[in-house]
Amino acid sequence: MSNYHIKHLEEYYQVYRKSVRNPENFWEEIAEEHFLWRKKWDKVLEWDFSKPEVKWFQGAQLNITENCIDRHLATRGDKTAILFEPNDPNEGAEHITYRQLYHRVNKFANVLKEQGVKKGDRVCIYVPMIPELAISVLACARIGAIHSVVFAGFSATALATRINDSDCKVVITADGSFRGSKTIDLKGIVDEALEDCEGVNTVLVAKRIDSDIQMKEGRDLWLQPLLDAASDQCKAELMQAEDPLFILYTSGSTGKPKGMVHTTAGYMVYTAYSFKNAFQYRENDVYWCTADIGWITGHSYIVYGPLCNGATTVLFEGVPSYPDFGRFWDIVEKHKVNQFYTAPTAIRALAKQGGDLVEKYNLSSLKVLGSVGEPINEEAWHWYNDNVGKGKSPIIDSWWQTETGGIMITPIPYVTPTKPTYATLPFIGIQPCLMDENGNELKGNQVEGRLCVKFPWPSIARTIWGNHQRYKDTYFSSFENKYFTGDGALRDEVGYYRITGRVDDVIIVSGHNLGTAPIEDAINEHQAISESAIVGFPHDVKGSALYGYITLKDTGEYRKQDNLRKEINQLISDKIGPIAKLDKIQFTEGLPKTRSGKIMRRILRKIAEKDTSNLGDISTLLNPECVQDIIDNAL
Ligand code: WT7
């Protein structure tokens, strides 16, 4: 038997050693015993980080939906696969069994086929957190279409950029979405986006809010009548191991968003295996990840990982504050949730409300608490541990990325002793290392450096859609033969890792990864603005918030106008989305620059953090005089 389920620390070390001494054998055993293959592989792994190229299970044929659904039908047909909890608690939850999921995915897959979608075509999914989101993802996978889910909080411009970048022909959306007490006109956003997307010929619209929307003749179709008419049987397309499964966009520090490409077999094996162990999922547990399927966390740990294990996965449409800040705990009590996975920003927002709202509910079902998205600060960790876990549910602080596909560094609950703010030990098969700025690996413990990975794991993204060179430049050219994460980390005296944060110009706001460049680009489109620089500053709920330093073309006219601040944030909302709005906007005469003209963000960051004691040598700047002025007028 392979080590599919790790139960104690010695076993972790033993399995970990096995997985890094002979990764091919290790992953072959896991793949062999726990998945459904239509044809086995010829070769487990082929890789070359200098190209870079990574291929797992070459020659194998499979369909991931047969692993997520079909193979459970005999034993788990009546088990709840997806437990849908709507925005409005009075609407009542919906239990979708594995058998029902099978029929609904097949119907949806047949609708896509009727619309001419074929293997390899890209389908954009812009759907709120309703069952149709998970079902449309699986329907694409069933017929081999590559899904590109765009978070339904993104703006029309952001949506259009992503549709065009991967050349999607079909968009799946809804008439609108519920978000707490608000409704959002999702279809209106799609209509606006499609004005710039010539390639889209079909829009499938799910009905959610029942609003009166415009349907464009010859392009827009209501989904439900098509589903009703479709057959509930659809043969799964045979996929090669390395066929793309999906594209998911993530912000870079510069340029347009990167369409990370994940492929089929390795992604499936790794997300399933890591789900089972990182959450210690056992049959009949109810698992809930609060992320949106629009992010990688939702792809890997709401949809694919849990369903591959025949788990019950909760899909929550709403927000933590509606009808009140007790909603999460109400859901935990109501559905007897055993594993709960959320983000530090949510924990901080809830902690701010105090412990009373938690006390009202019976949370005794909880066994495992998870955290992901950004470093969890000590205070939030303790609040989560004491108030939610009552000191008995281990917290797994799991570090990973859109690019890694699955959890990379994490405690295994009930196996790895936890330590606040530490993601602790590498997951099975993961070989992290720390590098200094000169490209030397820092050996031993009690060192701090840049976090890299030196050996491929099955779910590493294979490329950036349409731009392999950028993939190479971004992740494989900082350090020879290593995948560079963009994060800094330290390793303590026992070998535990603590992630210290991004070392590039990516800022994590409420768990959302935001590149500074796209925001600056959006701002600079304003006719009154000459230049801008965005940095992050500490925020007690969001983790980091955005601080913008902005220079104007004509200082006299706009300097004191609050309207301009509103216009800037509106522009950002339109171009990127409300999540990228600036918390603070300081108008300034100049921005500190190097002689080569590069904005010195380090200085601006320090000022935003209110730490001006040690700005370093500013005398070499092109314009050192502007620094004092910025300090004097800092917000
Ligand atoms: C970046 C990746 C992967 C799920 C959601 C985010 C930061 C993520 C942690 C953690 C410290 C973390 C890193 C990483 N991050 N988890 N447990 N501790 N930092 O995916 O949007 O691709 O962002 O999130 O900086 O590089 P993403």
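The values are calculated or read from the model by the stated rules, or taken from the named source; none is laboratory data. Keep in mind that this is a model prediction, so the values were computed, not measured. Virtual Cβ from ideal backbone geometry, glycine too; neighbours counted across all protein chains shown. In case anyone asks, the SASA skips ligands and DNA or RNA and just uses the protein heavy atoms, side chains included. Shrake-Rupley method; radii C 1.70, N 1.55, O 1.52, S 1.80 Å.
The figures follow:
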{"read-out": "Fully extended contour minus Cα-Cα distance, from TYR414 to ASN481, at 0.36 nm per residue", "value": "20.7 nm"}
{"read-out": "Over the chain: helical MRE at 222 nm, DSSP H runs n ≥ 4 each giving -39500 (n - 2.57), nearest 500", "value": "-8500 deg cm²/dmol"}
{"read-out": "Pairwise FRET efficiency - LYS360 versus ASP492, Cβ, R0 = 35 Å, nearest 0.05", "value": "0.40"}
{"read-out": "Segment SER573-ASN201, extension gain: residue separation times 0.36 nm, minus the distance between their alpha carbons", "value": "131.3 nm"}
{"read-out": "Entries in LYS207/LYS258; LYS51/LYS169; LYS169/LYS258; LYS39/LYS119; LYS352/LYS419 that, when Cα-Cα distance is taken, lie over 25 Å", "value": "LYS207/LYS258; LYS51/LYS169"}
{"read-out": "Among ILE296, VAL368, LEU604 the positive-end extreme of the charge dipole of the chain (Cβ point charges)", "value": "VAL368"}
{"read-out": "Length added when fully stretched, LEU221-LYS334, from 0.36 nm per residue minus Cα-Cα", "value": "37.1 nm"}
{"read-out": "Length-normalised contact order of region 510-632 in % [C-alpha pairs under 8 Å, at least 6 apart]", "value": "23"}
{"read-out": "Neighbour net charge for LYS51 - beta-carbon separation under 15 angstrom, K R +1, D E -1", "value": "-1"}
{"read-out": "Amide H partners (placed H, <5 Å) of TRP222, local residues excluded", "value": "VAL205"}
{"read-out": "Whole-percent carbon and sulfur share, accessible surface of the chain, 1.4 Å", "value": "46"}
{"read-out": "Order of exposure, largest accessible area first, which applies to GLU567, GLU374, GLU85 with probe 1.4 Å", "value": "GLU567, GLU374, GLU85"}
{"read-out": "Spin-label pair LYS598/GLU10, simplified geometry with 7 Å Cα→Cβ offset, distance in nm", "value": "5.2"}
{"read-out": "For the chain: accessible area per residue (Å², 1.4 Å)", "value": "38"}
{"read-out": "Student exercise, region 1-82 dipole from Lys, Arg, Asp, Glu Cβ charges, in Debye to nearest 20", "value": "80"}
{"read-out": "Accessible area of ARG602 in the full protein assembly, 1.4 Å probe (Å², nearest 10)", "value": "100"}
{"read-out": "For region 2-489: relative contact order, % (alpha-carbon pairs under 8 angstrom, 6 or more apart)", "value": "15"}
{"read-out": "Rounded accessible area of ASP121 (nearest 10 Å², 1.4 Å probe)", "value": "50"}
{"read-out": "Solvent-accessible area of ARG470 with every protein chain in place, 1.4 Å probe, in Å² to the nearest 10", "value": "50"}
{"read-out": "Label-point separation in nm, THR551 to GLU114, each point 7 Å along Cα→Cβ", "value": "5.9"}
{"read-out": "GLN561/GLN628 FRET efficiency (R0 25 Å; Cβ-Cβ; nearest 0.05)", "value": "0.55"}
{"read-out": "Whole-Hz ³J(HN,Hα) from phi, Karplus 6.51 cos²θ - 1.76 cosθ + 1.60, for region 171-185, glycine and proline x", "value": "10, 10, 8, 9, 4, x, 9, 9, 9, x, 7, 9, 10, 10, 7"}
{"read-out": "Region 247-405, relative contact order in percent, only Cα pairs under 8 angstrom and at least six apart counted", "value": "21"}
{"read-out": "Overall form of region 510-632 per C-alpha gyration tensor (a/c, 1.5; a/b vs b/c)", "value": "oblate"}
{"read-out": "Under 20 Å between alpha carbons - lysine pairs in region 510-632 that sit 8 or more apart or on different chains", "value": "19"}
{"read-out": "Overall form of region 2-489 per C-alpha gyration tensor (a/c, 1.5; a/b vs b/c)", "value": "rounded"}
{"read-out": "Which of HIS8, HIS299, HIS539 is most accessible, then next, and so on - probe 1.4 Å", "value": "HIS8, HIS539, HIS299"}
{"read-out": "Sites matching GluC sites (Glu not before Pro) across region 176-264 that sit in DSSP coil, with at most 14 neighbouring C-beta atoms within 10 Å", "value": "GLU195, GLU198, GLU217"}
{"read-out": "Cβ-Cβ FRET estimate between TYR322 and SER211, R0 fixed at 22 Å, reported to 0.05", "value": "0.70"}
{"read-out": "GluC sites (Glu not before Pro) lying in DSSP loop within region 435-494, provided at most 16 other Cβ fall within 10 Å", "value": "GLU437, GLU480, GLU493"}
